[in-house]
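K.L.:
Submitted below is the structure of interest, expressed as structure tokens.
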Amino acid sequence: MSKDNFFDPFWMEQVKLPVKRVAGQWEFLYGGEIPVKDGAFGELTISVNQLTDKAFRERVTATLVVPILEEGTPLLVALSDLSCTRGGSWPENDIFNFPIGTTRLERVVLGPMQQKSRQGELLGEKGGLWLKLKGLEKTELLGSSILMPEGFEPASAKSLNHAFTLLSEKYETHRISHTGNVYTRVYYQERNGNWYPLDDLRNGVRVQGEKMLLEDVWAEIERRLGGRPWVQPQKKKRTS
């Protein structure tokens, strides 16, 4: 962030501008050039039938499914259990940034694909976790069944969301609702032994030399798409 932006009260604010293509350039719909700084980032929303190049149209609308984690891969579910300060399957060291308020980590495992499921038709017979994209837009993570912690009833869940709900019902008894964002509450383990939220896999976060699994996944996506989908930088909170 530049010094000028720091003192600009509107640097975090965004605006949608109606535009029209005129003589090879984008103009403000109501007339005139759009006064914007060089190097500014933005997103253009346009009807697919207005794209004149067939190859480009196919590239930005194609659906791509990439395998990320195999069947049998362990995951950690972060929970706020008021009955303990550190329960479940907590890692030996204490360097990981789990969500604030986490007091219990339960270990689950990516299980087999459910028989005769729609996802099985798309992803194949083996279980695991996949990243599904459409064109240059990141969409969602798709997964197989989940094997619950040893001795837990039921022994398996239909999905990560289902697994989180079951665990929350048992350990987060203070909560009225037992749904949660699995992208920020479920963690995978990198090859260096560190644990990161699934949201990092979905968003393609870059960390130099640290997230090798993530980098391999996105290198394959770049190879197949001819480029890396753009990740819009998250807005940072201003500090006084």
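The values are calculated or read from the model by the stated rules, or taken from the named source; none is laboratory data. Bear in mind the structure is a predicted one, so any value in this text is a computation, not a measurement. Heads up, the Cβs are rebuilt from the backbone with ideal geometry, glycines too, and the neighbour counts pull from every protein chain shown.
K.L.:
Read through the list (1) at pLDDT 90 or above; (2) outside any helix (DSSP H, G or I), then give the number of the only condition that residue 37 fails.
P.N.:
Status for residue 37: all satisfied but (1).
K.L.:
Considering only region 126-168, state which residues are more than 15 Å from residue 188 (Cβ to Cβ), in a strand (DSSP E or B) and modelled with pLDDT under 95.
P.N.:
132, 133, 134, 137, 138, 139, 140
K.L.:
If you check 52, 63, 73, which single one turns out to be under 15 Å from residue 195 (Cα atoms) and not aliphatic (A, V, I, L, M)?
P.N.:
The unique qualifying residue is 73.
K.L.:
Test residue 155 against the criterion of being within 23 Å of residue 104 (Cα to Cα), of a type in the set (A, V, I, L, M, F, W, C) and surrounded by fewer than 18 Cβ atoms within 10 Å (Cβ to Cβ), and give yes or no.
P.N.:
Judged against the criteria, residue 155 is a match.
K.L.:
So which of 75, 64 is farther than 25 Å from residue 179 by Cβ and part of a strand (DSSP E or B)?
P.N.:
Within the list 75, 64, the selection yields 64.
K.L.:
I need the full set of residues from region 88-106 which are touching a residue at least 24 places away in the same chain (Cβ under 8 Å) and out of contact with any Gly (no Cβ under 7 Å at 6 or more places or on another chain), in order please.
P.N.:
88, 89, 91, 95, 96, 98, 99, 102
K.L.:
Next up: If I ask for residues that are closer than 15 Å to residue 188 by Cα and in a strand (DSSP E or B), which ones from region 86-109 would you list?
P.N.:
Result: 105, 106, 107, 108, 109.
K.L.:
Quick one: how many residues across region 169-200 are among the hydrophobic types (A, V, I, L, M, F, W, C) and either under 16 Å from residue 111 (Cα atoms) or part of a strand (DSSP E or B) (or both)?
P.N.:
2
K.L.:
Tell me, which residue of region 129-151 that is without any contact (Cβ under 8 Å) to a residue 40 or more places away in the chain and more than 20 Å from residue 115 (Cβ to Cβ) is surrounded by the fewest Cβ atoms within 10 Å (Cβ to Cβ)?
P.N.:
Taking the candidates together, the pick is 151.
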